[in-house]
Amino acid sequence: MWNRRKEDETAPKGAAFATEAELAKDGIPITPLPARTDSGGTRGALIGKAVVVKGDIASREDLVVDGEVEGTIDMPDSRLTIGATGRVKASIKARELIVVGTIHGNVEVLDKTEIRKEAKLVGDIRTVRITIEDGAYFKGSIDIIRGDAKAQGGKQGGQPQPAVAGAETKGH
Amino acid sequence: LISERIRGWLSSPGTLKTKAQSGRVEEPRRTEISPLMPGGSTPQPTPAYRTEIVLSDLEPAQHPSRGLDQLFQALPAGETLSVLDLGEINQSNVGYITGLGHRHTSEDLLAALDEAFGPGGGAEPDAERAHKFLNEALDFPDGHFDAVFVWDVLQLVPPTLVPAIMDRLLAITRPGGSLLAVFHGGPRRATIPLHSFRIIDGRTLRVIQKDQRPPAQLFNNRSLEELFSGWRATKFFLTRDHLREVVCRR
């Protein structure tokens, strides 16, 4: 009895649950949780259409904003997608940015920025690469972060400096 | 004669292919030829007689732009400059200007006009609305830009607003900086074509007609001279598409 109880206590808790592979071997069907995706099929966290966030967001996974955000968004290692219904009034730092909705604020992107044709962006952009579709509305300045400046910025704690003079901010 | 020789090269096997032959739109190509060169032979450039011809007939929307050429030649080399683009934003202009290492600033002046005064200009703006419009659309520090692309927007600005916009453009352009504007140069009509101007390279534009609108004001040579009278130097160029390019130096 004592020995048996001791074995129960020391056994790892997770061991009581079979893995998906073990269940599948026994012929038990497994339905995985649906992946969180936006309309474009992007995986990651999602701020839904009816959600309003006021404050600072820091994320280490990709994020899709279909609702409203006001504050700051800091996710230098992840991709941020502003969906068609997304409205963001924030300064943004991201590895990759896709804009279909609306952004009011300055943007710093460490890799690629995509501004789709329905997008509206008012603010200054600092980015390594940028693509802009016809029909997009953009008001502000675009500074391209050069490779050497990016490397130098990496040494300085991930704060890439633009190859050009500091970006000016237009009143908005 | 030169044109015939170029067509001869295009049609001969092993030389350049036209858009129709290749089945796709190609970038404009430049060929340097000597006027003394025999037709159909391999071009042997002679520096003393070298003439540059842009084969813009390969893509009707593309044409050489003397105004663009003059503006870019006037810009100081090797410096990071600030460029203001008052047209609808597009990938070509952003890519070309930032590719030169410059900062591209975009303000869609026509969209701002439509938003402030209604599509098509609407009624003449009163002083208060005009002041608000200028503060919102052209709120930049004085002497901030080395180059300003106005494109063809000035024709759609309500006449009472034009002097204030010109004063503002002069103020935000750095001394020595340049401005490029384009005006419809054809016969007077009820509507004029509006274009999207895309910079292909330092001397070639792709011009895409996107709309027709009644002009708020049409400019002749004399009114253009008055319009840019505050600028240090002004040059006019007439393109084959009945567009007049005006390059000004502050």
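Direction-averaged shadow area of the convex hull around the Cα atoms of the stretch B:148-247, nm²?
Answer in nm², one decimal: 6.4.
Between residue A:50 and residue A:134, what length in nm is gained on full extension when 0.36 nm per residue of separation is reduced by their alpha carbon distance?
Gain on stretching residue A:50 to residue A:134: 27.4 nm.
Tabulate in residue order the Karplus-calculated ³J(HN,Hα) for the stretch B:231-241, using 6.51 cos²θ - 1.76 cosθ + 1.60 with θ = phi - 60°, rounded to whole Hz; enter x for Gly and Pro.
8, 5, 9, 9, 10, 10, 9, 9, 9, 6, 8
Between residue B:189 and residue B:66, what is the label-point separation in nm under the 7 Å Cα-to-beta-carbon projection?
2.3
So what is the relative contact order for the stretch B:97-201, in percent, with contacts set as C-alpha pairs under 8 Å and at least six apart?
About 27 percent, as a whole number.
When A:102, B:191 are ordered from fewest to most other Cβ atoms inside 10 Å of their Cβ, what list results?
B:191, A:102
So if R0 is 60 Å, what FRET efficiency would residue B:218 and residue B:100 give, r being the distance between their Cβ atoms, rounded to the nearest 0.05?
Efficiency, rounded to the nearest 0.05: 0.95.
If you take all C-alpha pairs in the stretch A:48-154, what percent of them are over 19 Å apart?
When all Cα pairs of the stretch A:48-154 are counted, 36 percent exceed 19 Å.
For a quick check: with amide H placed at 1.01 Å from N, whose amide H comes under 5 Å from residue A:64's, ignoring anything fewer than 5 positions away on the same chain?
The answer is A:45, A:46, A:47, A:81.
Sort B:140, B:149 by Cβ crowding within 10 Å, fewest neighbours at the top.
B:140, B:149
Just so you know, all these numbers are worked out from the coordinates, no wet-lab data involved. Every value quoted in this text rests on a predicted model; they were computed, and no experiment measured them. For neighbour counting, all protein chains shown are included, and Cβ atoms are generated from backbone atoms with ideal geometry for every residue, glycine included.
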